[in-house]
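The values are calculated or read from the model by the stated rules, or taken from the named source; none is laboratory data. These numbers come from a predicted model, not from an experiment. Neighbour counts are summed over all protein chains in view; Cβ atoms, including those assigned to glycine, are modelled from backbone coordinates with ideal geometry. Keep in mind that these areas ignore ligands, DNA and RNA; they rest on the heavy atoms of the full protein, side chains included. Shrake-Rupley method; radii C 1.70, N 1.55, O 1.52, S 1.80 Å.
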Amino acid sequence: QAQLVESGGGLVQPGGSLRLSCAGSRTIFRTYEMHWYRQAPGKQRELVAGILSGGVTNYADSVKGRFTIERDNAKTLMTVEMKNLKSEYTAVYYCHAARDDDDYWGQGPQVTVSS
């Protein structure tokens, strides 16, 4: 049974916006640190943004000011709002949850930024 289920993704033009969502279990949202990663073709997976259970956030320099990560623990939902997208942001985006030695990954929807 999938622990993290993502939605969103698709094709967007450069400069456009897109929102990804990640739903999970109450156990995960109660105590796990959560992240968004992405993997572009031919590149390694990289951390894009993270958020602690209490709401503290951090972002990769490449997306600061463009991405906003949020989580609603009561609704067991995490989102990332992506604005002013660039073609180099084309990648598979993964939702991730981690605590101690335990972690889970979402299925990774494709985001394509292209005109």
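Just read off the accessible area of residue 21 with the full protein assembly in place, 1.4 Å probe, to the nearest 10 Å².
Rounded to the nearest 10, the figure is 20 Å².
Let a ≥ b ≥ c be the square roots of the eigenvalues of the Cα gyration tensor of the chain; is it rounded (a/c under 1.5), or, if not, prolate (a/b larger than b/c) or oblate? Display every interim value, and only then the final one.
Working: a/c = 1.79, a/b = 1.66, b/c = 1.08.
Note, shape of the chain comes out prolate.
Carbon-plus-sulfur fraction of the accessible area of the chain, 1.4 Å probe, in percent?
Roughly 44 percent of what the probe reaches on the chain is carbon or sulfur.
Would you check region 7-88 for Lys pairs whose C-alpha atoms are within less than 22 Å, ignoring same-chain pairs closer than 8 in sequence, and give me the count?
For region 7-88, the number of qualifying lysine pairs is 4.
Within a Cβ distance under 13 Å of residue 40, other residues only, what is the Lys/Arg minus Asp/Glu net charge?
So the surrounding residues net to +2.
Sketch the reach of a paramagnetic label on residue 73 as a point 7 Å from Cα along Cα-to-Cβ, and name the residues of region 1-38 whose backbone nitrogen lies under 13 Å away.
Flagged as within label range: 26-34.
Check each of the trypsin sites (Lys or Arg not before Pro) in region 1-76 and keep only those in coil by DSSP with at most 16 other C-beta atoms within 10 angstrom; list them in order.
In loop regions of region 1-76 (DSSP not H, G, I, E or B), the sparsely surrounded trypsin sites (Lys or Arg not before Pro) are 43, 45, 64, 66, 75.
Taking only protein heavy atoms and a 1.4 Å probe, what accessible area per residue, in Å², does region 33-89 have with all protein chains in place?
Accessible surface, normalised per residue, equals 55 Å².
State to the nearest 20 debye the size of the charge dipole of the chain about its Cα centre, where the only charges are +1 on K and R beta carbons and -1 on D and E beta carbons. Spell out each step's value before the answer.
Working: 13 positive and 12 negative charges, 68 e Å.
Dipole of the chain, to the nearest 20 debye: 320 debye.
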